[in-house]
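First the structure, in the form of structure tokens, and then the observations on it.
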Amino acid sequence: MDRTLRFATPFPSRAITHEHAHEHERVYARFLNSRDVPALLDLEHEKWNEVQAASEAQLRARIEAHPDLAVGAFCPQSDRLLASLFMRPVADDFHRRAQTWQDYASLPAPHHSSTLFGISLTSRDKTGVSALLEFFWPHALKRGWRHIYLGSPVPGLRQWLAEHPEGRIEDYVRARRAGLPLDPQLRYYGSRGFSKIVAVKANYFPHHRSLDFGVLLRGTIPLSGLRPLWASLPLPSVRRATRLLAGLL
Ligand SMILES: CC(C)(COP(=O)(O)OP(=O)(O)OC[C@H]1O[C@@H](n2cnc3c(N)ncnc32)[C@H](O)[C@@H]1OP(=O)(O)O)[C@@H](O)C(=O)NCCC(=O)NCCS
């Protein structure tokens, strides 16, 4: 069984208090709009290289296509963008029909689906990632989203293969140390509930240290199995419920 996404990680309050903010000010998240594009570009170029970074046109297109699936987290004092997450709806079996990030980012959106593909997660502050997942959780429940897939780089792969020339990539991505994934980025995603390895894809995305491999991970939105309940409640009630439940999951 999947572990559910750690949308509840480990808040409340102190955990998403940005290091430069006062104790009582929480990092906040909201849906992105076109006015955020300059800040998004700045973050892209800080965290991705020239080949990997999204262009201005791509960022605008993502927001326009799915404004309810483009989320940013911000510093409460300076309003500086700390993290961004772009998602899009995909068919529940999308990964059987395509191979690369480019494919997944451009497959036609289905009419009915409970599955999202995370086009991109970018962060300069881990409290930002917690804040944007916390923000999105009640919206996801209300809309009936069940799973989020992410394609993770495996930045330790190149080095591991240099040390284990006979090694198999499948073995590396499933290798664990002290019970946790050996690869640092799989460890990171595992700690956030993206622990289910669905597929290992060659030529997934240009990433030198990953030899361009990507690992498709699936996270389950906590409590999304109670779909009829969330559908019957107004969003503010769902939001209150997730706040109450956050500390318990
Ligand atoms: C991956 C990312 C979103 C995580 O952001 P974050 O929540 O702010 O967390 P950090 O960057 O501080 O990383 C958290 C931990 O995971 C580890 N980690 C995450 N990605 C890693 C990577 N590529 N290589 C090595 N370690 C990594 C870090 O070492 C860190 O460990 P620490 O807590 O012991 O310091 C961010 O590093 C990023 O934007 N990276 C570039 C873009 C990217 O790879 N996005 C994901 C593609 S799906």
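Every number in this text was worked out from the coordinates using simple rules, so none of it is lab data. No experiment lies behind these values; they were computed from the predicted model shown. Positions of Cβ are generated from backbone atoms using ideal geometry, with glycine treated the same way; all protein chains shown enter the neighbour counts.
Each Lys and Arg contributes +1 and each Asp and Glu -1, all at the Cβ; summed about the Cα centre of the chain, the dipole is approximately 880 debye. The stretch between Tyr188 and Arg209 holds 5.9 nm of extra length on full extension. This uses 0.36 nm per residue minus the Cα-Cα distance. Ordering of 238-245, 188-195, 102-109, 128-135 by packing is 128-135, 188-195, 238-245, 102-109, highest average first (other Cβ atoms within 10 Å, averaged per residue). Once backbone amide H atoms are built at 1.01 Å from N, Ser152 has Val215, Leu216, Leu217 as its partners under 5 Å, excluding neighbours fewer than 5 places away on the same chain. Scaled to the globular estimate 2.2 N^0.38 Å, the Cα spread of the stretch 13-242, given as radius of gyration, is 1.03. Where a Cα-Cα gap under 28 Å defines reach, which lysines qualify for Lys47, not counting those fewer than 8 residues away within the same chain? Leaving aside lysines fewer than 8 places away in the same chain, those within reach of Lys47 are Lys126, Lys196, Lys201. Between the residues Ser191, Leu161, Tyr104, the greatest Cα displacement towards the positive end of the dipole of the stretch 13-242, with unit charges on the Cβ of Lys, Arg, Asp and Glu, is found for Ser191. Restricting the calculation to Cα atoms, every distinct pair contributes to the Kirkwood radius of the stretch 176-234, found to be 13.6 Å. Packing, taken as the mean count of other beta carbons within 10 Å per residue, orders the peptides 225-231, 53-59 from highest to lowest as 53-59, 225-231. To the nearest 10 degrees, how steeply does helix 126-143 sit against the main Cα axis of the chain, on a 0 to 90 scale? Long axis of 126-143 versus the principal axis of the chain: about 70 degrees. Spin-label model, Ala57/Leu244: points 7 Å from Cα along the beta carbon direction are separated by 5.0 nm. For His45 and Glu170, a Förster radius of 35 Å and the Cβ-Cβ distance give a FRET efficiency of 0.55, rounded to the nearest 0.05. As a ratio to 2.2 N^0.38 Å, the alpha-carbon radius of gyration computed for the stretch 144-249 takes the value 1.36. As a calculated quantity, the FRET efficiency between Ala199 and Leu233 at R0 = 51 Å, using C-beta atoms, amounts to about 0.90.
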